[in-house]
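The numbers here are math on the coordinates, done by the rules we state, and not lab data. Predicted, not measured: the structure shown is a model, and the values here were computed from it. Note that we place each Cβ from the backbone using ideal geometry, even for glycine, and neighbour counts take in every protein chain shown.
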Amino acid sequence: MHHQSISRIQGYAKWASLAGILLFLSTCAGNTVMVEQGWTTAPPPSKWCTIGNTRVHYLDVDRADSDRDLLIVHGYLGSTVSFLDLIDLLSRDLRVVMPDLPAFGASEVPDCSCTMDYYLDFLARFTQAAGLDRYYLMGTSMGANIASCYAAEHPEQVQGLIFLSPFGLHDQAGRMANIRRWDAFLPPASSLITRRGVERRLRRLILNDESITPELVDSYWQPLATPGGRRAIVEITRTIVGQRSMDEVLPRIEQPVLILVGSEDKLISPEDRERFRVLLAREQLEIIEESGHFLYLDSPDVVSKKIVTFTRGGMN
């Protein structure tokens, strides 16, 4: 009986440990609740399209009637809600298009596996539906991994790449090894994450306390609250975060690349920054002071200015 109790405790500890990994990754992005806070005008209206048999929510904002388009790919569990302030600033100079990737935000959960190949095919179809021909592509956190793969496969479409807090180098911060080690425990671990746990993690990681609203917390918690969302989280964790590395893709990138990294980002070490320099032929990497992994929440003004300058062909 004593040994059985110890075994149960050890098993729970494994689940709790992996739940912590999932929780950390889950709070490196956001979801969709349309909040008005921070906007100088009304929030952008939601738009919808159907890709395959999945209904997809997205934003398409162009207040400057710009001749330059920017497509944003969010990260792990991400979506549009935590990018509203950044989109507000960027749309004064750019047309900004941002979908909620299927399974997250207001988009439906697809009835197929959420693999890298699925999301690359989704982006190809979505850009056609949104009327994007030649554009700048920005990926945040895990979205940088997806964006780099897409740019390598579609160089004729992508004019330039922007990475915010990129995550996806081989075993970056030891995450891939941990995910592979505890693969069998991913499904039960995903069910252990609570809204309160998400909020606590957000308060540790986001430096700008004013951006941590109840709506923001709800948006991060949303995909974890449904069986379909948890299934997608497990698939993405296994097939993208745990397996797909940027290291093999980055040398194939032909476009100019801007990389923005927060000075307090614990997921990107000085060694990782040097690795990006080695793997990319054309890159400019800049450190944003007093910012963590959530650059778009911590320093939206600084980030937007650097992105706009880059898309104009200038140096930051």
Q. If the convex hull of the alpha-carbon atoms of the chain is projected onto planes in all directions, what is the mean projected area in square nanometres?
A. 15.7 nm²
**Q.** Residues whose placed amide H lies under 5 Å from that of residue 55, excluding near-sequence neighbours
**A.** 108
Q.
Cut-off 18 Å, label point 7 angstrom out along Cα-to-Cβ of residue 133: give me the residues of the range 57-85 whose amide nitrogen falls inside.
A. 65-71
(Q) Cut-off 10 angstrom, C-alpha nodes, Gaussian network model of the chain. Which of 284, 128, 172 fluctuates the most? (A) 128
**Q.** Lys/Arg +1, Asp/Glu -1 at C-beta; the chain dipole; positive extreme among 170, 182, 233
**A.** 182
(Q) Can you tell me the convex hull volume per residue for the range 190-268, based on C-alpha atoms, in Å³ to the nearest whole number? (A) 148 Å³
Q. Which one of 186, 94, 279 has the biggest mean-square fluctuation once the chain is modelled by GNM with Cα springs under 10 Å?
A. 279
Q: Measure off 7 Å from each Cα along the Cα-to-Cβ vector at residue 278 and residue 112, then give the distance between these two points in nanometres to one decimal.
A: 3.6 nm
Q) Counting DSSP beta bridges in the chain, what percent are antiparallel, to the nearest 5? A) 30 percent
**Q.** Under the Karplus curve 6.51 cos²θ - 1.76 cosθ + 1.60, θ = phi - 60°, whole-Hz ³J(HN,Hα) for the range 70-82, x wherever Gly or Pro sits
**A.** 10, 9, 9, 10, 6, x, 4, 6, x, 5, 7, 4, 7
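Using a simple charge model, +1 on the beta-carbon of Lys and Arg, -1 on the beta-carbon of Asp and Glu, nothing else, what dipole does the chain show about its Cα centre, in debye to the nearest 20?
Working: 32 positive and 39 negative charges, 218 e Å.
Taking the Cα centre of the chain as origin, the dipole is about 1040 debye.
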Q. Could you give the nm distance between label points at residue 196 and residue 290, where each point is 7 Å from its Cα heading toward the beta carbon?
A. 3.3 nm
Q | Rounded tilt (10° steps) of 270-279 against the dominant C-alpha axis of the chain | A | 50 degrees
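Test of understanding: given the chain, find the longest segment containing no trypsin sites (Lys or Arg not before Pro) that are in a DSSP loop and have at most 14 other Cβ atoms within 10 Å.
Numbers: sites that count: 134, 266, 282, 312.
It runs 1-133.
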Q | Net dipole in debye of the range 163-316 [+1 Lys, Arg Cβ; -1 Asp, Glu Cβ; about Cα centre; nearest 20] | A | 560 debye
